[in-house]
Structures are given as C-alpha cells and as structure tokens.
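Asks: One structure, pasted below without further comment.
Derivation of every value follows stated rules applied to the coordinates shown; laboratory data play no part. Everything quoted here is computed from the prediction, not taken from an experiment. As a convention, Cβ positions derive from the backbone with ideal geometry for all residues, glycine included, and neighbour counts pool all protein chains shown.
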Amino acid sequence: MPQINPSSIRPVEVARLINSTEFGFVLPQARIYRDFNRVGFRIAASDNSRNINLLKYIAWMFDQKHTPRDNMSARSYEERREAERRRQAEQSQSGRNIGPLPEIIDPERKEMCERNFRLFCECYFPETYSLPWSPDHLKAIARIEQAVLLGGLYALAMSRGSGKSTITESACLWAMLYGHREFVVLISATETAALEMLASIKTEFVRNELLAEDFPEAVFPILCLGGIANRCAGQLYCGKRTMISWTANEIVLPTVEGSKAAGAIIRVAGITGSIR
C-alpha cells in the first residue's frame, strides 16, 4: 500500500482507502464529494483546500451519527410536517445536484492522447493492451484515427480473436470523450452482440479509474448515478440539468459547461436492424 498522509488526502484516495478493507465497497466517491461540499473547510486539509483531513472527516461522521435529533414531541403536527417537507426537499436537491467536478489528475496525459488514438489505448487501458501491437493492429488504429479526426469510409477485415471489438469500443470512447464526434453509431453482427458491446463501454465508464481521473466532466456525473438510470432525468450540475441518458441501447454524456464531450451520443444496433 502506498504511503498516505491522513491529514492531507485527495477525495478519490479516501474512497479507495475506506473501500480497501475486508468489508469491501462501503462508501462511494460521489458521497465523499457531497460531504466535502456540505462541510467545507471544517474537514479540509490545512495545506491544500482540495484535499481532505481524514481524521477530521471521520470525527465529523462520528458526530453526525451520534448527535441526537431534535425532540419532535414538543412541536405541533403542522410544524413536524413542514419540517419533514423541508428535509425531504433539501435531501432531494442535494442528491440531484452533483456539485463541483473533481480536478483533472493528469492534464498532460489527457492532452497528449487527444489526437493520438494508439497512445489513448496504451495510457487509459494498460491492462487491456498489455501485449505488443502487431502490424495489422497498427494499420487498423491508423485507419480508425483518420476516420475519427478527418472522416472517411473504410472496409477493414481482421481475423477472429484479434481484438476488433475491443479496439472499436476504445475508439468510441476516444471519439466521444475528446469531442471528436458528437454522434457515434456502433454496429455489430446482431443486436444482442451490439448491446453487449455497449455494456462493455458502460463498464469502462464506471470502473476505469484512469478515465475518471482525467475526464471528470464526463465520468463523474455517471458515477453519481450510482448505477440507477432513473436518476438521469433529475440530475443537476450547478443548478442545470445535465441531460444525461443511460439506457440499454444508448448513452448520452452529460452536458457540463466547458466539456468537449457535452451531449455526445453513442447508439448501438445490429447490422440487420433499422440503422437509418
């Protein structure tokens, strides 16, 4: 385990540390950011306002848990009902508004990969692309890069098991996250296979920590959904709807001010489906 300074630790590291115990996943990263926005400098590290003092954070959570609630019996029924209405409204607003975005961890890495598809694959999917590239892979990558950046129509065949689907999924992510393409259509042999590819792309959005670190404008709102697609319609960023969509056959990335990926769409279909 790397050395950790509990008096100054990034929110993402707090989540990793707490979720590394034998209890497994217990605290989502989005919850930590909401608590940080709610409590502010009371739990912030003294040397860096973007970091958290873990000990202060734990003490605050302890106080929250053990502070007795107001005595409800002394108030009238109307007062209690109004207080409950306000509490639920505040809770709903707090849950819908995702708050400020995390900072980009490695902006230099992000910039270097913007127009280099091969480097994007190597930097953000190191476990997937761990073996050396073959000449055929490099040819496919060059064609994909040219088609995404400049346009073009190509028919390029590769043998079974050569990684066609994986490279194609990475290309969709690259094209959307950098705003190279606003609408990406991924066509597979069958509708079932197409849905499986979209599910794989969704997994990268949710599980890939490197993407979360460098593309918070696109990934953080997705993480805030907590896997519940019904939250899409009500999600807010700085009081405005993100217009995010997370359905079985389509992803619409969140509309966030300053994001190149704002509103980017990916849709899948089988080759025999109604592609038009």
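Asks: Per 10 Å bin, what percent of the C-alpha pairs of the chain does each bin hold, from zero upward?
Replies: Binned Cα distances yield the sequence 6, 24, 30, 22, 12, 5, 2, 0.
Asks: Would you be so kind as to identify which of Gly163, Pro102, Pro6 lies farthest towards the positive end of the dipole of the chain, taking Lys and Arg as +1 and Asp and Glu as -1 on Cβ and the Cα centre as origin?
Replies: Positive-most Cα among the choices belongs to Pro102.
Asks: Let me ask you something else. Need one number: nm distance between label points at Ala199 and Lys260, each 7 Å from Cα along Cα→Cβ, rounded to one decimal.
Replies: 3.2
Asks: In region 166-258, which GluC sites (Glu not before Pro) are in a loop and have at most 10 other Cβ atoms within 10 Å, using DSSP for the loop call?
Replies: Answer by residue number: Glu257.
Asks: Rounding to the nearest 20 debye, state how big the charge dipole of the chain is about its Cα centre with +1 on each Lys and Arg Cβ and -1 on each Asp and Glu Cβ.
Replies: 680
Asks: Still on this structure, I have one more. At a threshold of 8 angstrom on Cα-Cα distance, excluding pairs fewer than six apart, so keeping six or more, what relative contact order does region 107-270 reach in percent?
Replies: That works out to 23 percent.
Asks: Can you pick out the pairs among Lys56/Lys260; Lys164/Lys260; Lys65/Lys202; Lys164/Lys240 whose Cα atoms lie more than 32 Å from each other?
Replies: Lys56/Lys260; Lys65/Lys202; Lys164/Lys240
Asks: Next up: Report the calculated FRET efficiency for Arg207 and Arg81 (r = Cβ-Cβ distance, R0 = 41 Å), to the nearest 0.05.
Replies: Efficiency for this residue pair is about 0.45.
Asks: Over the chain, calculate the relative contact order: mean separation of alpha carbon pairs under 8 Å at least 6 apart, over the residue count, as a percent.
Replies: 17
Asks: So, one more: Fewest first, what order do His137, His66 take by the number of other Cβ atoms within 10 Å?
Replies: With the fewest neighbours first, His137, His66 line up as His66, His137.
Asks: In deg cm²/dmol, rounded to 500, what helix-only [θ] at 222 nm does the chain give when every DSSP H run of at least 4 residues adds -39500 (n - 2.57) and the total is split over its residues?
Replies: Helix contribution divided over all residues of the chain: -14500 deg cm²/dmol.
Asks: Whose amide H sits under 5 Å from the amide H of Val268, counting only residues 5 or more places off or on another chain, with H placed in the peptide plane?
Replies: Residues meeting the amide H criterion: Leu186.
Asks: Turning to a different aspect of this structure: Return the Rg/Rh value of region 131-172, two decimal places, where both radii are evaluated on C-alpha atoms and Rh is the Kirkwood radius.
Replies: Result: Rg/Rh = 0.94.
Asks: Taking R0 as 30 Å, what FRET efficiency do you get between Gln3 and Arg38 from their Cβ-Cβ distance, rounded to the nearest 0.05?
Replies: Taking R0 as 30 Å, the efficiency between Gln3 and Arg38 is 0.55.
Asks: Which residue, Gly161, Gly99, Gly263, tops the fluctuation ranking in a GNM of the chain built on C-alpha contacts under 10 Å?
Replies: Fluctuation is largest for Gly161.
Asks: Return, ordered by residue number, the residues of region 185-215 whose backbone nitrogen is under 16 Å from a label point located 7 Å along Cα→Cβ of Thr272.
Replies: Correct set: 188-195.
Asks: For Phe183 paired with Leu150, estimate the spin-label separation in nm (one decimal), with each label point 7 Å from Cα along the Cα-to-Cβ line.
Replies: Each label point is offset 7 Å from its Cα along the Cβ direction, giving 2.5 nm.
Asks: Each label point is 7 Å from the Cα along the Cα-to-Cβ direction; what then is the distance between the points at Glu111 and Leu55, in nm?
Replies: Between Glu111 and Leu55, the simple spin-label model gives 3.8 nm.
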